[in-house]
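The values are calculated or read from the model by the stated rules, or taken from the named source; none is laboratory data. All values derive from a computational prediction rather than experimental measurement. Here the Cβ is made from the backbone with ideal geometry for all residues, glycine too, and neighbour counts use every protein chain on show.
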């Protein structure tokens, strides 16, 4: 598809907070390139309200949206278990591109199926890892690559307020479910918490971690629950120590950071809160002789993500490497599987 094709129609599968607080506000800033034309959600009341906000058609079934000829770009924002199936269907429908929210799939086999569908149909698939599109991160990593070093330690820390606090900065959420659903009791609850942490929170940054590290065996050494809701996982990736630390619901003193320490230099990236449209994060790169600072920049990762979608569709940049996307998910699933096995073995 060329630039002369004009404004691209966007279909958004699932009308929850991600659609309302992230994609709709972002796309409203890009009306010269994108127009939300269709919203699908199983909740009739919420879906109709959100589609009306976007002046778009509404369906209760994703298939109707995918089959809509006015939809050029499909956003897969449904529950994780549907990501692969819907991304494949969008590819087979011959769309211009598919933007899949994290994670791409729940199994490596399903991720490979998505990659196969993308290759077979020529439809590019982009995973919505907004931190990877943050301008400060992109600039800092480009500088790191001029004289690359393998870090001996990488730490990701996500100390966050409840999502609802951040969502309300972006928009008024329609249909928010009050309270927090009760977690399963016993070992089932522990397993759900581990997988939720890795594939729901850490997944934002694991592709960035893998970007800094060479390929190597992953070994999870310890898993600890943190209160009120959180987790700390310590692992090794080859010779590198990896710490994933996250706590959600602790009040308004947020910190979302990634730190990589090598022998002769270090990188610290401070990310903005999810849902908040307030520009990029900031990064500092210290090589022992100087400290370079990147950001904050005016554009946030969400806007850059959609800029990338447009650039891929119009042929200005190459489509994402499907092998990298699958390997990113395989890395995350390996951590989740090993962490789950540790929890099961401990009998907690």
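The test for being surrounded by fewer than 22 Cβ atoms within 10 Å (Cβ to Cβ) and either out of contact with any strand residue (DSSP E or B) (no Cβ under 8 Å at 6 or more places or on another chain) or at negative phi (or both) does not hold for residue 36.
For residue 274, the requirement of being part of a loop (DSSP other than H, G, I, E, B), buried (at least 17 other Cβ atoms within 10 Å of the Cβ), modelled with pLDDT of 95 or more and in contact with a helix residue (DSSP H, G or I) (Cβ under 6 Å, 6 or more places away or on another chain) is not met. So which residues in segment 278-318 are assigned to a loop (DSSP other than H, G, I, E, B), surrounded by 18 or more Cβ atoms within 10 Å (Cβ to Cβ) and touching a helix residue (DSSP H, G or I) at 6+ places or on another chain (Cβ under 6 Å)? Within segment 278-318, 280, 281, 295 meet the criteria. Are any of the residues in segment 63-73 within 16 Å of residue 22 (Cβ to Cβ) and in contact with a helix residue (DSSP H, G or I) (Cβ under 7 Å, 6 or more places away or on another chain)? Yes; the residues of segment 63-73 include at least one that is within 16 Å of residue 22 (Cβ to Cβ) and in contact with a helix residue (DSSP H, G or I) (Cβ under 7 Å, 6 or more places away or on another chain). At least 3 residues being at pLDDT 95 or above and over 23 Å from residue 130 (Cα atoms) is the threshold, and among the helices (runs of 4 or more DSSP H) wholly inside segment 1-80 those reaching it are 44-53, 62-66. Count, please, the residues in segment 24-52 that happen to be farther than 15 Å from residue 68 by Cβ and free of Cβ contacts under 8 Å to residues at least 60 places away in the same chain. The number of residues fulfilling the criteria is 7. Of all residues in segment 235-271, those satisfying the criterion of being assigned to a loop (DSSP other than H, G, I, E, B) and under 21 Å from the mean Cα position of the chain (by Cα) are 249, 254, 271.
Taking the criterion of being in a loop (DSSP other than H, G, I, E, B), without any contact (Cβ under 8 Å) to a residue 12 or more places away in the chain and out of contact with any strand residue (DSSP E or B) (no Cβ under 8 Å at 6 or more places or on another chain), would at least one residue in segment 187-201 satisfy it? The answer is no; no qualifying residue exists. Residue pairs whose Cβ atoms lie under 9 Å apart, separated by 6 or more positions or on different chains, with the first residue in segment 70-91 and within 16 Å of residue 8 (Cα to Cα) and the second part of a helix (DSSP H, G or I) and modelled with pLDDT under 95, are 72/5.
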